[in-house]
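Visitor: Below is a structure I'd like to ask you about.
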Amino acid sequence: MNVSVMGALIGAVTDPTAGFDKPHIEYGDLSPMLIVFGVACAGVLVEAFLPRERRYVVQTILTVAGLVAALVATCLVAADQTSLGGGVARGLIAAEGTIVVDGPTVFFWGLILVFAVGGVLLFAERRLEGGLSAFAGQAAALPGSEAERQAYAKGLDHTEVYPLLLFAVGGMMLFPAANDLLTMFVALEVLSLPLYMLCGLARRRRLLSQEAAMKYFLLGAFSSGFFLYGVALVYGFAGSMQLSEINEAVRNDAGNRTLLLIGLGMLAVGLLFKVGAAPFQAWTPDVYQGAPTAVTAFMAACTKIAAFGAMLRLLYVAFGSDRWTWQPMLWVVAVLTMVVGAVLAVVQTDVKRMLAYSSVAHTGFLLTGVLGVQSASEMTSGEVTSLQAVLFYLTTYGFAMIGAFAVVTLVRDSGGEATQFARWAGIGRRSPLMGALFAFFLLSMAGIPLTAGFIGKWAVFTVALAAGAWPVVIAAVLCSIVAVFFYVRVIVLMFFVDGDGVAGGEVAAVTRPSLLTSGTIGVGVLATLVLGVVPGPVLTLAAHAGQFVR
C-alpha cells in the first residue's frame, strides 16, 4: 500500500476530525426560518402525544406564537442588517453558501409571516360550522360514507393542518432565500407537499376538494419535474448550482449555450406554474374553488409571494447578465397571463373561481413589474426600481386577497359556503357592512384610486415604462379596464339586484364570525386603505431592502 495513503488512514483513525471542516451555520440570521420549522416539529409531537380533544387549542396557540416569534426575529434581523449597512440592508451568504439573507429575503419573510398569521386565524375559525372547523373530521373516510358521518357527529377535527401550514411556511421562507438551484428545488417541494394535502381536507364538498388536491398534486409533480430537469441542464452548462457562479458562466458565455436556453426555459416552467401564469394557470381556478377557503386565502397570498421571490432571485442573480434572452419570453407570458385572467374571469359564475382568475391577471401585472430596471444605479434619483415595485405590489395584493377570501367564508346557506353568484344577489342589502368590505377589496384589486391596488399598479406600470416595455403596459391597462367590469359586476349583484326568488328560493346570508375572522378582515381593510392613502413608508421600506446579493 502506498505510504501516503497508509499515513492518511492512520491519521484518520487517530484523529477523526483531520481534514474535516466543521460547517458554520449563522443561527441568528436564520432564526426566523428555524423557529418556523422547530414549531412545526413541535406541532407533530402534539399530534402524537396529546389527547384529541385538547389539540385544537394547543395547536392554535402554538402556531400563532411560533409565527409571531418568527416575525419578531425577522424584524431583529432586518434591524441588524440595516444598522450595519448604513440605512440599506446588507447581505449575508449563510449555511455554507446555500442560503442568502439579504434585504429582499427579509422583506419576503416578513410578508409571508404576516399573511400566514392571517391564514392561521382563518384555519382556527369554528363558529361558522357549528363549533367545528372547515376541515374534514376524518380525511381517510370516503365522502358520504357512514365513517364520515360518524366523524362529523363526534366533532372530530384534523388539527394536523397547523403543522402542515408551518412546514409550508418554512418552505416558502426558504424558497426566495435559496442561493443554489438544489436548495431552491428542496424548498419548492417542502412548500408544495403540505399544500397538496391541505387542499383535499374540506369538511363539505369533499369530492370537489379531493379532486382539487389531485389536480394540484399531478400538475405540481409535472412542474417540479420540469424544474429539476432544468436544474440538470443549467448545471451542465455552468458546472455549478450556485447562482453567482451560474451568472459568471453566463457572463463569460462558457459552455454549450443550448443547454443554457433549454435549462432556463424549464426552470421558468416550474416557477411560472407556482405563480399561476399562463399557459400554466389551469390548476388555479379548480384548486381555489375546491380547497377549503381558509387554505385558498393562505395559498393566494403566501405562495405567490414566495414564488415571485424565487423567480426574481433566479432571473436577477443567476441570469441577470442574459436578460435579453428571458425578457422577450416574459413579455409574451405577461401579456398572455393578463389576457387569460381578465377574459376568463368575465364569464365566471362562482366567486372563488372569479377571484382565482383575478389572481391570474394579477400575476400578469406582477410580471410587468419584473420587466423593469433591476438596479437603482441604472435609474434617476427618486424613481422606483423593479424589485421595489414588485415588493409593494405583493404587499397590497396579499392584504386584499386574504381579506376577500375571509369575507367569502362568511357567506353561507343551508349547504355551507355559498359561492355561486346567484346566491350573492342582494347580500349587500342584507348585510351592508360585509358587502361594503368585500366591495372595497374588489375595488382595490381593480386599481381604483385611494386604494392600495392603485398604487401597486402605478408602481409596476411605471418601472415597465421606464424599461421600454410600453406594449406590455398598454396591454396591462386594457386588461385592467376589463377587470373593472367583472369586479363591479359583483358589486352591482350585491347591492342592486333583488335576491328574492333567486337560486331556487334560497339566498345566502352572512354568518357572524368570531374575533379570529373579524380581525383578519379588519387588518386587511385597514392595510388596504392605509397603503392606498399613505404608501410612502412601505415604498421606503422596500427601497431600504436594497438589491439581491450576488
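Visitor: May I ask for the angle, rounded to the nearest 10°, between helix 470-496 and the longest principal axis of the chain, with both axes built from Cα atoms and the value confined to 0 to 90°?
Guide: Helix 470-496 sits roughly 30 degrees off the main axis of the chain.
Visitor: Collect residues whose amide H, placed 1.01 Å from N in the peptide plane, falls under 5 Å from the amide H of A94; neighbours closer than 5 in sequence don't count.
Guide: I99, V100, V101
Visitor: Can I ask one more? Compute the length gained on full extension between E96 and F496: take 0.36 nm times their separation in residues and subtract their Cα-Cα distance, giving the result in nm to one decimal.
Guide: 137.9 nm
Visitor: Another question, if that's okay. Scattering from the C-alpha atoms of region 400-449 alone, worked out with Debye: what is log10 I(q)/I(0) at q = 0.15, 0.16, 0.23 1/Å?
Guide: -0.40, -0.45, -0.88
Visitor: Just need the relative contact order of region 21-544 here, percent rounded to a whole number, with Cα pairs under 8 Å and 6+ apart.
Guide: Over region 21-544, the number comes to 14 percent.
Visitor: Run the quick spin-label model on S518 and I481: label points 7 Å from Cα toward the beta carbon, then report their separation in nm to one decimal.
Guide: Each label point is offset 7 Å from its Cα along the Cβ direction, giving 4.3 nm.
Visitor: If I take every Cα pair under 8 Å that is 6 or more residues apart in region 194-247, average their sequence separation and divide by the length, what percent do I get for the relative contact order?
Guide: It rounds to 21 percent for region 194-247.
Visitor: Which angle from 0 to 90°, rounded to the nearest 10, does the C-alpha axis of helix 161-174 make with the longest principal axis of the chain?
Guide: For 161-174 against the chain, the angle is about 40 degrees.
Visitor: Please give, to one decimal in nm, the separation of the simple spin-label points placed at L142 and K22, each 7 Å out from Cα toward the Cβ.
Guide: Placing both labels 7 Å beyond Cα along the Cβ direction yields 5.9 nm.
Visitor: Between L218 and V332, what FRET efficiency comes out of the Förster formula 1/(1 + (r/R0)^6) with R0 = 41 Å and r the beta carbon distance, rounded to 0.05?
Guide: Taking R0 as 41 Å, the efficiency between V332 and L218 is 0.95.
Visitor: Label 7 Å along Cα→Cβ of L208; region 421-455 residues with amide nitrogen under 15 Å?
Guide: Taking a point 7 Å out along Cα→Cβ of L208, the residues of region 421-455 whose backbone N falls under 15 Å are 421-424.
Visitor: Further, regarding this structure: Which far-off residues, 5 or more places away or on another chain, put their amide H under 5 Å from the one on R127, with H placed in the peptide plane?
Guide: S514
Visitor: Along region 347-358, what does the Karplus equation 6.51 cos²θ - 1.76 cosθ + 1.60 (θ = phi - 60°) give for ³J(HN,Hα), rounded to whole Hz, x for Gly and Pro?
Guide: Residue by residue, region 347-358 yields 9, 7, 10, 10, 4, 5, 5, 4, 5, 5, 5, 4 Hz.
Visitor: Helix-only estimate, please: 222 nm mean residue ellipticity of the chain, summing -39500 (n - 2.57) across DSSP H runs of length 4 or more and dividing by its residues, to the nearest 500.
Guide: Counting only the DSSP helices, I get -22500 deg cm²/dmol.
Visitor: For region 197-246, compute the orientation-averaged projected area of the C-alpha convex hull (one quarter of its surface), in nm².
Guide: 4.2 nm²
Visitor: Using the Karplus curve 6.51 cos²θ - 1.76 cosθ + 1.60 with θ = phi - 60°, what ³J(HN,Hα) values do you get for each residue of region 384-392, in whole Hz, with x for Gly and Pro?
Guide: Result, ordered by residue: 8, 7, 4, 4, 4, 5, 5, 4, 5 Hz.
Visitor: Next question, about the same structure. Between A467 and residues 5 or more places away or on another chain, which pairs have amide H atoms under 5 Å apart, with H built 1.01 Å from N, and which residues are they?
Guide: V373
Visitor: So what's the angle, to the nearest 10 degrees on a 0 to 90 scale, between helix 181-199 and the longest Cα principal axis of the chain?
Guide: Long axis of 181-199 versus the principal axis of the chain: about 20 degrees.
Visitor: Moving on to the next point. Sort K352, K22 so that the residue with the fewest other Cβ atoms within 10 Å of its own Cβ comes first and the one with the most comes last.
Guide: Final ranking by Cβ density, sparse to dense: K22, K352.
Visitor: Also, I was wondering about something else. Toward the positive end of the charge dipole of the chain, about the Cα centre and with charges on Cβ (Lys, Arg +1; Asp, Glu -1), which of S192, M494, G341 goes farthest?
Guide: Result: M494.
Visitor: Another question, if that's okay. Taking the convex hull of the alpha carbon atoms in region 21-544, what volume per residue do you get, in Å³?
Guide: 140 Å³
Visitor: Now for a different question. If packing is taken as the mean number of other Cβ atoms within 10 Å per residue, what is the order of 103-111, 214-222, highest first?
Guide: Highest-to-lowest ranking by the protection proxy: 103-111, 214-222.
Visitor: Another question, then. E189 to E47: extension gain in nm, 0.36 nm per residue of separation minus the Cα-Cα distance?
Guide: 48.9 nm
Visitor: I've got another one for you. So for region 422-550, averaging the separation of alpha carbon pairs under 8 Å that are six or more residues apart and normalising by length, what relative contact order in percent results?
Guide: 43 percent
Visitor: Could you give the dipole magnitude of the chain about its Cα centre, charging the beta-carbon of Lys and Arg +1 and that of Asp and Glu -1, in debye to the nearest 20?
Guide: The calculated dipole for the chain is roughly 1220 debye.
Visitor: Using a Cα distance threshold of under 26 Å, what count of lysine pairs results for the chain when pairs must be 8 or more residues apart or interchain?
Guide: Summing the qualifying lysine pairs gives 9.
Visitor: At what distance in angstrom do the alpha carbon centres of region 396-433 and region 288-303 lie from each other?
Guide: 14 Å
Visitor: Between A232 and S321, what FRET efficiency follows from the Cβ-Cβ distance if R0 is 25 Å, with the result rounded to 0.05?
Guide: 0.75
Visitor: Taking the mean number of other Cβ atoms within 10 Å as a proxy for protection, how do you rank 317-328, 282-293, 424-435, 354-365 from highest to lowest?
Guide: Top of the packing list down: 354-365, 282-293, 424-435, 317-328.
Visitor: Ranked highest first by average number of other Cβ atoms within 10 Å, how do 473-481, 297-305 line up?
Guide: Ranking the peptides 473-481, 297-305 by packing returns 297-305, 473-481.
Read the figures in this text as sums done on the coordinates, not as results from a lab. Just so it is clear, the model here is predicted, and its values are computed rather than measured. Please note: Cβ atoms are built from the backbone with ideal geometry, for glycine as well, and neighbour counts cover all protein chains shown.
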